[in-house]
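Undergrad: Got a structure here, written out as structure tokens. Questions coming.
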């Protein structure tokens, strides 16, 4: 497939930023107003051309931000589908944020049919019907579900610019599967890198399947660990809500975990040094960072589907992210499970969660910029 064909398909798979959630009447005014603000457009007609112009900056970009506003894979309370749009909206008042840095492109949102998760869960008739609705063609072999569309879009980005570092903004944690798996394949087969996975979360996400579903929020890390060969290159930080203890997960699946009770007894630098040394011992040369915001303590991140007490302090999460991505180039990352509508009964929410999310997103973008700059020196 030539480059222009890839751009043409990206324009079908994606929508302008904040446009991935399909709206007809309810939410239409809000969505269009936000898009005009994002693209500095005087009218709705200007949004599409300005977004397409951003897509065509992929070749010279160092980092690409992609929204996946899907919460079909959420497990308890939904609302994460609003995160890509709301995070962008709050960033409009922070022009110094990394998302606006030179070399960063926000390529928009995956087009999400809210009832779907992955194509392998659908009948041929359903796939054909949804293809007709999304693309006007029942026969073309285009994906229709958020996880598959995300994977296809990432493949196009890598083909257009092999050096690009994608940062995916969810959505629920099911989007970690296409984001990580495509980054891993690209890094290890094209770039000859050996990848480690740094995963912040309150939950292990290490189920092989959940209620018969292979890829979702509770299983993505299991399948990521399988791709890594269960060799210890999955390091999980913040685990505290699980049916089994740390020994079970480490002995059966070969992962390395840091639980908050242990972390409280140590400082960030010591933990960061240990993780870096662990990765080096395993021959890791690059990292992927997956940040589920419920790994952070509820005091700083209550607007999420499964808020958990006794979690990580944002300063520690940021310090570990910076230390690990300072030691190894980051080949991709994701920020997931921010759910702005879920304000809970806590004063200051969802603003506090959004502030935490913006800081985490900035760290991921800066790590991506640093990684590519270092590679090209």
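Undergrad: Can you put 100, 217 in order of Cβ neighbours within 10 angstrom, beginning with the fewest?
TA: Exposure proxy ranking, most exposed first: 100, 217.
Undergrad: Run through all the Cα pairs of segment 116-160 and give the fraction in each 10 Å bin from 0, expressed as whole percent.
TA: 30, 52, 18, 1
Undergrad: Relative to the present Cα-Cα distance, how much length would full extension add between residue 194 and residue 5 at 0.36 nm per residue of separation?
TA: On the way: separation 189, 0.36 × 189 = 68.04 nm, distance 3.07 nm.
So the chain would gain 65.0 nm between residue 194 and residue 5.
Undergrad: To test your reading of the geometry: what angle, between 0 and 90 degrees and rounded to tens, separates the Cα axis of helix 3-13 from the longest principal axis of the chain?
TA: Its long axis makes an angle of about 90 degrees.
Undergrad: How much mean residue ellipticity at 222 nm does the chain get from its helices, if each DSSP H run of length 4 or more adds -39500 (n - 2.57) and you divide by all residues, to the nearest 500 deg cm²/dmol? Intermediate results must be reported in sequence, preceding the final value.
TA: Details: 13 runs with 152 residues, N = 377.
Taken over the chain, the calculation gives -12500 deg cm²/dmol.
Undergrad: If I build a Gaussian network model for the chain, linking alpha-carbon pairs within less than 10 angstrom, which residue out of 278, 186, 244 has the largest mean-square fluctuation?
TA: Result: 244 has the largest fluctuation of those listed.
Undergrad: Counting other C-beta atoms within 10 Å, which of 28, 316, 364 has the fewest, and how do the rest follow?
TA: Least to most surrounded, the residues fall as 28, 316, 364.
Undergrad: At 10 °C and a viscosity of 1.306 mPa s, what translational diffusion coefficient does Stokes-Einstein give for segment 1-98, taking Rh as the Kirkwood radius over Cα pairs? Give it in µm²/s as a whole number.
TA: 107
Undergrad: So if each residue of separation counts as 0.36 nm, and I subtract the Cα-Cα distance between residue 36 and residue 269, what length gain in nm does that give?
TA: Contour length minus the Cα-Cα distance gives 79.6 nm.
Undergrad: Something else about it: May I ask for the angle, rounded to the nearest 10°, between helix 268-281 and the longest principal axis of the chain, with both axes built from Cα atoms and the value confined to 0 to 90°?
TA: On a 0 to 90 degree scale, this one is about 80.
Undergrad: With contacts defined as alpha carbon pairs under 8 Å and 6 or more residues apart, what's the relative contact order of the chain in percent?
TA: 19
Undergrad: What ranking of 149, 127 emerges when the number of other C-beta atoms within 10 Å of each C-beta is taken as an exposure proxy, fewest first?
TA: Going from sparsest to densest Cβ surroundings: 127, 149.
Undergrad: For segment 3-376, what proportion of DSSP beta bridges, expressed in % and rounded to the nearest 5, is antiparallel?
TA: Expressed as a percentage, antiparallel bridges in segment 3-376 total about 10.
Undergrad: Identify which of 22, 115, 97 has the largest mean-square fluctuation in a Gaussian network model of the chain, with springs joining Cα atoms closer than 10 Å.
TA: Greatest mean-square fluctuation among the candidates belongs to 115.
Undergrad: Using only Cα atoms, find the angle between the long axis of helix 124-135 and the longest principal axis of the chain, and express it within 0 to 90 degrees, rounded to the nearest 10.
TA: 60
Undergrad: Sticking with this one: Find the percent of Cα-Cα distances in the chain that exceed 34 Å, and round it to a whole number. Walk me through the numbers before you get to the answer.
TA: Values: 14563 of 70876 pairs.
Summing the P(r) tail past 34 Å for the chain gives 21 percent.
Undergrad: Right, something else. Quote the relative contact order of segment 95-187 in percent (integer), defining contacts as alpha-carbon pairs under 8 Å separated by 6+ residues.
TA: Reported relative contact order: 23 percent.
No value in this document is a laboratory result; all are computed from the given coordinates. In this text the structure is predicted, and so the values were computed from the model without any measurement. In this analysis, Cβ positions are derived from the backbone assuming ideal geometry, glycine residues included, and neighbour counts consider all displayed protein chains.
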